[in-house]
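The values are calculated or read from the model by the stated rules, or taken from the named source; none is laboratory data. The model shown is predicted, which means the values in this text are computed figures rather than measured ones. Cβ: placed from backbone, ideal geometry, glycine included. Neighbour counts: every protein chain shown.
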Amino acid sequence: MANQTPETTNQPSNTQTYGFPIYAADWIPEETVRSKIDKDQKNSEDGGSESSSSSTNSRSCIVLAGGGGEGKSGIANVILICRVDLDTKSLSEQPVGRIVLGTDLPYRMAVHPRGGGLVCALPNSCKRFDWENIMSPREGDQAGEEGEEVVKELKDVGQQLALAFNQEGSVFAAGGEDGTLRIFEWPSMNTLLDESKAHASVKNLTFSESGKFLVSLGGPLCRVWDVKASAAIASLSKEKDEMFAYCRFSVDNAGNEVLYIAANTDRGGSIITWDTTTWKRRRSKLMKNYSISAFNVSADGKLLALGNMEGNVLIIDSTKMKTHQLVKKAHLGLVTALSFSPDSRCLVSVSFDSRAKLTVIEKTPEKHGVNWLLMFLLCVLLYVVSYYFLMAKGIIGKENSLLSDHPTRRYTRTA
């Protein structure tokens with residue numbers, strides 16, 4: 001990295017390279033890092049490298065995790081916190097927080113929605129990381145082990161492929177490569193469910209908006225769990241050549257919960273919408289020749305984001321299931337994760353190419369339909385105005401006078 005800060009060397013950019021393959025990305029609750037952002041901005045302004053008119057309200061942060069694995073590649077395993085500036089639509093080149101994890105690759109992570117740090121899935125265990133520790137300045141690549149906390153209930157349990165909090169941050173779930181699904185109360189870690197045969201391997205997890213349900217995905221099945229009852233209540237099966245890849249709960253325009261499952265088929269990627277009352281399919285949308293490698297849903301439920309093997313990012317309207325925005329070659333290769341901002345205004349995508357990209361969501365111009373009643377009234381008004389205009393000019397009167405003097409008219413009246 002350059003010795004100078006990016007504000008003095010480069011123009012703001014919506015794409016940054018951070019030097020390690022990135023496996024996970026998420027937005028950080030703003031209040032958890034606000035003081036650090038404000039402090040950085042004040043130092044920047046004192047140095048004269050940034051305009052004091054820049055608003056701190058336009059600034060937020062994302063957290064990125066990934067690395068080279070056991071270290072044979074020489075690429076560090078890292079958790080980074082990077083600044084997002086919505087005014088300039090850019091990502092910071094220099095992180096505001098960085099912690100190196102030694103030989104443990106942070107393959108998956110879950111951010112606590114109420115500012116309680118994050119949990120990372122490492123090769124054999126899970127660890128919780130405190131935001132302040134990640135953002136504390138340190139020399140070189142020192143690991144901040146004093147800020148790491150091994151989740152003892154997930155120690156030496158093997159690789160966890162999926163982690164998730166419910167929206168309140170009161171329940172935490174972990175799905176293992178060995179097929180075990182575990183659900184805990186948070187932060188007490190009282191066990192709600194420990195199912196060793198939930199799947200052959202748990203690939204993805206999502207809590208419903210209400211927190212009542214948890215959906216786990218693995219192999220040919222999606223299973224629906226009642227969190228309070230700690231029991232499976234439904235199984236959602238694939239059709240034909242579908243291979244389920246991702247699952248996400250959301251809310252439709254009517255305010256009803258829906259479940260989206262992203263699947264890959266021989267023909268391309270498919271988005272399947274499920275009814276959360278009957279657990280039956282509503283509809284499916286095929287994206288031909290589009291192999292889905294990452295999937296997410298915006299917080300407002302209006303947009304779906306898909307990444308593919310070729311590095312493209314596709315954003316579609318969840319109601320019409322039509323393309324809203326396509327970012328071709330957002331990355332040099334496979335897109336590993338996608339995350340919408342909490343206000344649904346932008347999307348961060350990451351990849352094995354070590355890059356993070358910020359995509360601002362384009363606004364759809366409002367289309368107004370033709371108001372036929374208004375058109376009819378305007379036509380009537382135009383007719384009336386034209387009629388009186390012709391009368392005022394005497395055009396209509398003259399025609400009537402000529403007709404009254406015509407011999408045929410006189411004969412008809414006499415008859």
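Which condition number in (1) under 30 Å from R267 (Cα atoms); (2) within 25 Å of the chain's Cα centre (by Cα) is the one that I183 fails?
(1)
Taking the condition touching a Leu at 6+ places or on another chain (Cβ under 8 Å) and within 27 Å of D241 (Cβ to Cβ), does L326 pass?
Here the answer is yes, as L326 does meet what is asked.
Among residues belonging to the range 300-338 that are surrounded by fewer than 17 Cβ atoms within 10 Å (Cβ to Cβ) and of a type in the set (A, V, I, L, M, F, W, C), point out the one that is nearest to K285 (Cα to Cα).
The initial filter retains those residues of the range 300-338 that are surrounded by fewer than 17 Cβ atoms within 10 Å (Cβ to Cβ), namely 300, 309, 317, 319-323, 326, 328-329, 332-333.
Among the residues that remain, those that are also of a type in the set (A, V, I, L, M, F, W, C) are: 309, 321, 326, 332.
Numbers: M309: 19, M321: 7, L326: 17, L332: 26 Å.
Of everything passing the filter in the range 300-338, M321 is nearest to K285 (Cα to Cα).
Any chance the range 103-117 includes a residue that's assigned to a loop (DSSP other than H, G, I, E, B), surrounded by fewer than 17 Cβ atoms within 10 Å (Cβ to Cβ), over 22 Å from the mean Cα position of the chain (by Cα) and modelled with pLDDT under 95?
yes
Return the residues of the range 333-366 that are over 13 Å from the mean Cα position of the chain (by Cα), in a loop (DSSP other than H, G, I, E, B) and aliphatic (A, V, I, L, M); say none if nothing qualifies.
Selection gives L334 alone.
Search the range 75-94 for residues being part of a loop (DSSP other than H, G, I, E, B) and in contact with a Gly (Cβ under 7 Å, 6 or more places away or on another chain), and hand back the single one that is nearest to K127 (Cα to Cα). Explain how you work it out, then say what you get.
Quick first cut of the range 75-94, residues part of a loop (DSSP other than H, G, I, E, B) only: 75-77, 86-89, 92-94.
Next, from what is left, pick out any that are in contact with a Gly (Cβ under 7 Å, 6 or more places away or on another chain): 75-77.
Details: I75: 20, A76: 17, N77: 14 Å.
Going through the qualifying residues, I end up with N77.
Within the range 363-377, can one find any residue that is surrounded by 11 or more Cβ atoms within 10 Å (Cβ to Cβ), modelled with pLDDT of 80 or more and outside the structural domain of C82 (by TED's automatic domain parsing)?
Of all residues in the range 363-377, those surrounded by 11 or more Cβ atoms within 10 Å (Cβ to Cβ) come to 377.
Adding the requirement that they be modelled with pLDDT of 80 or more leaves 377.
Those still in the list that are outside the structural domain of C82 (by TED's automatic domain parsing) too: 377.
Taking every residue of the range 363-377 in turn, at least one turns out to be surrounded by 11 or more Cβ atoms within 10 Å (Cβ to Cβ), modelled with pLDDT of 80 or more and outside the structural domain of C82 (by TED's automatic domain parsing).
So which residues in the range 273-321 are part of a loop (DSSP other than H, G, I, E, B) and hydroxyl-bearing (S, T, Y), if there are any at all?
The answer is T276, T277, T278, Y290, S291, S298, S318, T319.
Read through the list (1) within 16 Å of F184 (Cβ to Cβ); (2) among the basic types (K, R); (3) within 23 Å of the chain's Cα centre (by Cα), then give the number of the only condition that K89 fails.
(1)
Test A330 against the stated conditions and say whether it is small (G, A, S), in a loop (DSSP other than H, G, I, E, B) and over 12 Å from the mean Cα position of the chain (by Cα).
Considered against the rule, which asks whether it is small (G, A, S), in a loop (DSSP other than H, G, I, E, B) and over 12 Å from the mean Cα position of the chain (by Cα), A330 comes out as yes.
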